[in-house]
């Protein structure tokens, strides 16, 4: 009996731990992009989204896809969070790659979910699942290492020292640079959500392939700058990369709003 209870405890720890290792943008990162998206919705899109989400905001629902990883019934959603590129592509190469992409990944699922949500006869429970996943995945692909290498699991296998503690490259970009700012997600949005109408129009007209290309270009620089086993100079790393990370958080929110306005507006 004691052994059985111990095994259950270990299983519970494993279930809690695994999602943390595989999420893109940490809890605050997703909420930041979600809150930014909310600020640029059209009235029609806002009403349609509220009819699906109820009182749950985009910021809060944006983490559902990570939290649900603790339920084995949703294991089939795992590959939806990322799209792997084991090299840095030119934009024409990226477009050619995606044109042939039939895998279960973030790109194919953004296309799929967008199409599903445009259907007038989609059942309410399916609308909720599709909207939650679309919100999350659009935000995910703006975290550069979710367009990283399959060989190192998007930087998860690149082990580094951060504040003299062992972590991995993926985790630094998911959450640790954000958490180092010591801001709530609403404070963070107030600090970085400063865009012009022209910027938003330019970012929103870009196709999904352009989003992935930009993220993959950044991922290439991240990989080149930090190798497995490095002891990162934390303050220098944040100083060098914070503006890029903040830009990706903002772009993710603005583009998410643009896509939701297109679907529901």
Practice task
Looking at (1) in contact with a helix residue (DSSP H, G or I) (Cβ under 7 Å, 6 or more places away or on another chain); (2) outside any helix (DSSP H, G or I), find the lone condition where residue 145 falls short.
Solution key: (2)
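Specify which of the listed residues (47, 14, 51) is over 19 Å from the mean Cα position of the chain (by Cα), at pLDDT below 95 and loosely packed, with under 13 Cβ neighbours inside 10 Å.
14
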Exercise for the section: Give the residues of segment 101-124 that are without any contact (Cβ under 8 Å) to a residue 40 or more places away in the chain and either closer than 19 Å to residue 63 by Cα or part of a helix (DSSP H, G or I) (or both), sorted by residue number. Expected result: 105, 108, 109, 112, 113, 115, 116
Problem - Matching residues in segment 78-97 - criterion: being touching a residue at least 12 places away in the same chain (Cβ under 8 Å) and over 14 Å from the mean Cα position of the chain (by Cα) - result: 85, 86, 88, 89, 91, 94, 95, 97
Exercise for the section: Tell me, please, whether a residue that is part of a helix (DSSP H, G or I) and loosely packed, with under 10 Cβ neighbours inside 10 Å can be found in segment 82-89. Expected result: no
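Residue-by-condition table, conditions (1) buried (at least 16 other Cβ atoms within 10 Å of the Cβ); (2) free of Cβ contacts under 8 Å to residues at least 12 places away in the same chain; (3) under 22 Å from residue 203 (Cβ atoms):
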| position | (1), (2), (3) |
| --- | --- |
| 58 | yes, no, yes |
| 63 | yes, no, no |
| 73 | no, yes, no |
| 76 | no, yes, no |
| 99 | no, yes, no |
| 126 | no, yes, no |
| 134 | yes, no, yes |
| 144 | yes, no, yes |
Exercise for the section: Tell me, yes or no, whether segment 156-163 has at least one residue that is part of a loop (DSSP other than H, G, I, E, B) and at positive phi. Expected result: yes
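In the list 150, 256, which residue meets the criterion of being part of a helix (DSSP H, G or I) and either in contact (Cβ under 8 Å) with a residue 60 or more places away in the chain or under 21 Å from residue 133 (Cα atoms) (or both)?
Of the residues listed, the single one that is part of a helix (DSSP H, G or I) and either in contact (Cβ under 8 Å) with a residue 60 or more places away in the chain or under 21 Å from residue 133 (Cα atoms) (or both) is 256.
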Problem - Any chance residue 188 is crowded, with 16+ Cβ neighbours inside 10 Å, part of a helix (DSSP H, G or I), touching a strand residue (DSSP E or B) at 6+ places or on another chain (Cβ under 9 Å) and modelled with pLDDT of 95 or more - result: no
Exercise for the section: Give me the pairs, please: first residue somewhere in segment 195-221 and within 17 Å of residue 260 (Cα to Cα), second residue anywhere and in a helix (DSSP H, G or I) and modelled with pLDDT under 95, beta-carbon distance under 7 Å, and either six or more positions apart or on two chains. Expected result: none
Practice task
Could you run through segment 106-121 and say how many residues are surrounded by fewer than 16 Cβ atoms within 10 Å (Cβ to Cβ) and either more than 13 Å from residue 208 (Cα to Cα) or touching a strand residue (DSSP E or B) at 6+ places or on another chain (Cβ under 6 Å) (or both)?
Solution key: 5
Completion exercise
The number of residues in segment 227-242 that are surrounded by fewer than 11 Cβ atoms within 10 Å (Cβ to Cβ) and assigned to a helix (DSSP H, G or I) is 3
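The values are calculated or read from the model by the stated rules, or taken from the named source; none is laboratory data. Since this is a predicted model, take the numbers as computed values, not measurements. Note: ideal-geometry Cβ built from the backbone for every residue, glycine included; neighbour counts use all protein chains shown.
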